[in-house]
Amino acid sequence: MDMDIHMHNTSMNGSLMPHEGDLGNGLILLVVKTAVMVAVMLSAVLGNFLVIMSVIKFEKLRATVTNYFILSLAAADLLVAVVVMPFNASMEITDKWIFGRTMCDIFNSNDVLFSTASILHLCCISVDRYIAIMNPLHYETKLTKRRVALMIAVTWISSLLISYIPIHSQFYTTVENLQELRVNPDSCKFVVNRIYAVVSSSVSFWVPCTIMVFVYFRIFKEARKQEKYIRSASVCSTELTSNGDQLIPGSKSSRDMSERKRLKREHKAAKTLGIIMGGFILCFCPFFSWYLITSLCREKCQYPPLLGTILFWVGYFNSCLNPIIYAYCNREFRQAFKKLLNWAHCSDLNQNSKYCARKRSNSSSNNSKNEEYVQMVYVKKECNLCGTNV
């Protein structure tokens, strides 16, 4: 989770023995926390892997420059799930840091890096949709592959500058926390000073969030205006075809129809962006509000440890939320996911088909031959879903 303030090294007074009921409740809470964390990690890995493979494997998805942002976003979310979440989960389970001082700095840097990159990619996608809706005639000239690559590079470099450099130079924290980290190898607290709290939260959340809200408000207004045009144009084309006239390719009516189709596609993409942005705000706004407030007021702001854990993992949940939104809202991604899963299924079916072929060659009974033939036909039909030859 971005800017993870770890407060896991609480000490227990040896003279106070916990009751059996407290131990039982603690065990139940630990099991629930572990199950939730594992579910979030596995969902994020599977979902973002499907997004990455879909864009790489299917030419139709590669043809859209917006999907390059989505590809890079999925890579950032996948890295959050692979190199950040497991370390955070281990601290929640063991209540201490077990990987050493150097890995502590690397973990905190990766946490800030990939979470910030994920948020900045969402900001880039909103700007992309803004240009597509507000200035569609010049979209392809403004958002070329080269400029998209430059935007993605700036996103990653900005995330790197706000994470690795201040953390490894120790600029981010307080003198007291540095001393504690040096003498206590079981601690990996990410206590930030006030300057870094304001700068990092602004770069990682508040500025991108403000841009996204402003941009989507403008997109929403323009989309409403264009929807009126689509409805009026649809009425005209319906009257034209009902009178027996045909649409001639290249004619004004034909161009209007293709323009309406394009606008509908852009509006659907804008609605998907709206859902993604809503999920982003719901997941990250509580955390960054808490992060900034507790960093500024320090000891004056007391909170239960469970609250911090919940806010961290709600933010992590955003990394597995985006692929779910794509699968629900975007037909092309939904079809790509189905094909990829069918291909994975067919790899097992191919093994079954080889077994059936060997079994059929060793069989002398006509009934068994018929049964095996039916089984082979079933395997072939299943594999035809993804174009696999048996």
Tell me, yes or no, whether the range 139-149 has at least one residue that is in a helix (DSSP H, G or I), free of Cβ contacts under 8 Å to residues at least 60 places away in the same chain and in contact with a Phe, Trp or Tyr (Cβ under 6 Å, 6 or more places away or on another chain).
-> no
Scan the range 320-330 for residues that are surrounded by fewer than 21 Cβ atoms within 10 Å (Cβ to Cβ) and at pLDDT below 85 and jot them down.
-> ALA327, TYR328, CYS329, ASN330
Only one residue in SER118, SER169, SER200 is in contact with a Pro (Cβ under 9 Å, 6 or more places away or on another chain) and either on the phi < 0 side of the Ramachandran plot or surrounded by fewer than 18 Cβ atoms within 10 Å (Cβ to Cβ) (or both), so which one is that?
-> SER200
Among the numbered conditions (1) in a helix (DSSP H, G or I); (2) modelled with pLDDT of 90 or more; (3) of a type in the set (Ser, Thr, Tyr), tell me where TYR172 comes up short.
-> (1)
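The values are calculated or read from the model by the stated rules, or taken from the named source; none is laboratory data. If you're wondering where the values come from, they're calculated on a predicted model, not measured in any experiment. Positions of Cβ are generated from backbone atoms using ideal geometry, with glycine treated the same way; all protein chains shown enter the neighbour counts.
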